[in-house]
Amino acid sequence: MIRIIGAPFFDTPVSGQGGCATRIATVFPEAGIIVTLPGIHATQRSAYADELNRERASQGKRPLNDQERLDVFLKAVDLLVDGHDVLIRPDPGQMELAFAADGMLQQLVPRNRIKFLFVDDPGVRRAIIRRGEAWRIRPLPRSNEEMCRLIGNSPVAVRGEPIYFYCAVRGTRILTFARFAGLAKLPLEKLRLHLEEIGELANSGNAQGWPELELFVTDGKIRAADLIPAGLKNMDQLSVLQVFEDACRRMEHSTPIQFRTDDVKNSIWRNRMYRRLIAPSDSSLTDEELSELGEEYYMQIHWLPGARIDNGLLIFDSISENSPEKDPVSHELICNLIREYDGIEFINIGHVERSLSRRVPTGGRRSVYVTHFRSRNSSQDELHIVRFQKWGVRERLDEGKSMLQAMRESEEYTDYILDRRLACRQLGMKLVARLWVRKVQEQYAGIQQSLVGQTIWSPYIERDYIAGIATDKISRARLKDPGYALQLAIGLGQAAAINLIVGRANLAGEVVFDDGDEMLIEDDKGGLVEIVVADPTGAFTNFGNDLSQDAPAYAEPIRRRMELVPDGSAFKDAYVAAFIDRFQATQQSYRIHRQTFDTLFSHRRCDPAGNLAHRWTMVLDRMRHSDASCLAKIIRENV
């Protein structure tokens, strides 16, 4: 018979369909006791020991001595109730105790809703796997939605408001500046209680040896233990307010601006909080720790078996043919790198599981990989982004084309991509410095049954990774900086002028700009250096219509930020002025070097049906006859 000290574990314990009555709990398997009283795991242990002493007193027995009380504490297992799941945080040295708690919990909660934490520890992981229960290891969220849900479910209370983000792995509460500053809205006595609580937690550790409370991103300038002075209970009201205001000032000064607002929509804040909540050990690799990828790639990559070079031999990670991790494409990508680079030490390769752009996906292949490797003679790793050609042989065959026609059209499209890159660069668009075109062998397995199993060659574009921030993912905190906001406006305005000239659009004719491909390159001090376009997808799609038809869409980058920057009017003016300057400068360059521009694709046949050579002449003629000031006026009118 299970006994619960505190609120019911769930409102409807048997079915588990009711609401969660507690966020943390402590289970004592040998006694069949679960404690759900408000507080922390240490106070729940104390509460059970106190209950035992009351029972012993009623039986005429002496109280527990220190050793007996410690034994009670050591025979407990920490739980966290997360939504409808119960998470067991086992002691690596007492796995049998954790499994006993698991068996006890199964009388209250369906087995598939009981998960294990702390699997960073090899002993915990091995013990669970040896039971044939790897599926019960709580998986880490991978999508932004799952990460937001984890963060949204993590706030907990101790005795007052739920102002702490709870790290289930370590049992540590994380206090952000925003949550701390928000206490100012409370009545004075409640404020005092919360400050006392923070002071107590900041000077306590839990049974696993982790601190009960940590501050969120204060760059080591202030510790939780330094936030609230001792003796708060004896202070008068004015002194309590002064302590709080002083603590707020010190914490604000110690917290970087991008972390002063709790905002799961801000990828920088979200990813940092997520890392704190999952608390990976030093031995566990996450995406950006492995390869220093930017925040937009965080937890978006599924890492695959890689390879290393040992005494000149290429050694692939061993993996069974039926493993879900088996990826023939990654094997081919590794071989291509080894064939072209001399002296590689290792290669890590990952598949980007979802698009990082805000664009709605259209047809064609959308596979993207990341390669991370180092050569023996290099002191730095290299990072490349691999993007398969949208329309390759496989996609043409699926359209019903013959093998010869599919191969021909695939090669023509590759030339189109490279010519498009050259044309964009000629008009002043800043693009990634290095790019390679390569192919992998694949077996066709598409719609045409008669061709299934035949070898095809699938092209892909490989480029250097751009260490920057996508313009559509800049944090709100950065936009609040007046100087940075104006720099951004100028950079976006300049990029918008070239983007409009080259007619970047999707297949529906909708303008493509400021949605993930434009990358901000910053200097060491965080100042904006330039905007580089990672992939000029859609350039020269709109090549026939008047530029005034597309101009209204270029008001959107201003509209989207008007309420986020300190001075929306100044942002708009800087954007429009930069647009005019860059547009007119490009026109002037064309007038001075007209023959160079006009003959750039003279070696190509000009096909009025719409090849790049034809589109190039149309775009140049359209630019020559356009008025930058009139286009800028249209943009202003649509803000």
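Only the coordinates and a few stated rules stand behind these numbers; no lab work does. Bear in mind that the values here come from a model prediction, so they are computed numbers and not experimental data. Backbone-built Cβ (ideal geometry, glycine too); neighbour counts: all protein chains shown.
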- Query: Taking the Cβ-Cβ separation of Y416 and R54 as r and a Förster radius of 56 Å, what is the calculated FRET efficiency to the nearest 0.05?
  - Reply: 0.10
- Query: Can you put F597, F579 in order, fewest other beta carbons within 10 Å first?
  - Reply: F597, F579
- Calculate how steeply helix 237-254 sits against the longest principal axis of the alpha-carbon atoms of the chain, using the helix alpha-carbon long axis, and give the answer as 0 to 90 degrees to the nearest 10. 40 degrees
- What net charge do the residues around R69 carry, taking every other residue with its C-beta under 10 Å from that of R69, with Lys and Arg at +1 and Asp and Glu at -1? -3
- Message: Please arrange D71, D82 by how many other C-beta atoms lie within 10 Å of their C-beta, fewest to most.
- Response: D71, D82
- Message: Can you compute the label reach from C148? Point 7 Å from Cα along the Cβ direction, backbone N cut-off under 12 Å, restricted to segment 513-553.
- Response: none
- Task: Pull out the extension gain between T617 and R636, defined as 0.36 nm times the separation in residues minus the alpha carbon to alpha carbon distance; nm, one decimal.
- Result: 4.0 nm
- Task: In whole Hz, with x marking every Gly and Pro, tabulate ³J(HN,Hα) for segment 535-540 from phi via Karplus 6.51 cos²θ - 1.76 cosθ + 1.60, θ = phi - 60°.
- Result: 8, x, 3, x, 4, 6
- Task: Just order 487-495, 462-470 by mean Cβ neighbour count inside 10 Å, highest at the front, would you?
- Result: 487-495, 462-470
- Query: Quick one: putting +1 on the C-beta of Lys and Arg, -1 on the C-beta of Asp and Glu, what dipole do you get for segment 470-637 around its Cα centre, in Debye to the nearest 20?
  - Reply: 320 debye
- Note, ³J(HN,Hα) from phi for segment 411-420, Karplus 6.51, -1.76, 1.60, rounded to Hz, x at Gly and Pro: 5, 4, 5, 4, 4, 4, 4, 5, 5, 4
- Note on the structure: Cβ-Cβ cut-off under 15 Å around E395, Lys and Arg +1, Asp and Glu -1: the net charge is +3
- Query: Against the longest principal axis of the chain, how steep is helix 188-202, in degrees 0 to 90 to the nearest 10, with axes from Cα atoms?
  - Reply: 90 degrees
- Item | segment 452-467 - phi-based ³J(HN,Hα) in whole Hz, Karplus 6.51/-1.76/1.60, Gly and Pro as x | 4, x, 6, 6, 10, 10, 9, x, 9, 10, 10, 9, 5, 6, 9, 7
- If the chain between D381 and A184 were fully extended at 0.36 nm per residue, the gain over the current Cα-Cα distance would be 66.2 nm
- Out of all DSSP beta bridges with both ends in segment 144-275, state the antiparallel percent to the nearest 5. 65 percent
- With label points built 7 Å along Cα→Cβ from the Cα atoms of D598 and R559, find their separation and express it in nm. 4.0 nm
- Query: Extension gain Q454-N311, at 0.36 nm per residue separation less the Cα-Cα distance, in nm?
  - Reply: 47.9 nm
- Considering Cα pairs under 8 angstrom that are at least six residues apart, work out the relative contact order of the chain and quote it in whole percent. 7 percent
- Query: So how do V329, V619, V35, V27 line up by other beta-carbon neighbours within 10 Å, fewest first?
  - Reply: V329, V619, V35, V27
- Note on the structure: Checking rank on 530-542, 513-525, 371-383, with mean other Cβ inside 10 Å and highest first, the result is 530-542, 513-525, 371-383
- Under 30 Å from the Cα of K633, which lysines turn up, not counting those fewer than eight places away in the same chain? K430, K473, K480, K572
- Note on the structure: With R₀ set to 41 angstrom, the calculated FRET efficiency between the beta-carbons of R365 and E252, to the nearest 0.05, is 0.25
- Task: For L431 paired with Q588, estimate the spin-label separation in nm (one decimal), with each label point 7 Å from Cα along the Cα-to-Cβ line.
- Result: 2.5 nm
- Task: Using a Förster distance of 30 angstrom, determine the FRET efficiency expected from the C-beta separation of S548 and D607, and round it to 0.05.
- Result: 0.65
- Task: Could you work out how far helix 41-58 tilts from the main Cα principal axis of the chain, as a 0 to 90 degree angle to the nearest 10?
- Result: 20 degrees
- In vacuo Debye sum over C-alpha of the chain, base-10 log of normalised intensity I(q)/I(0) at q = 0.08, 0.10, 0.12 Å⁻¹, listed in q order, is -0.77, -1.07, -1.30
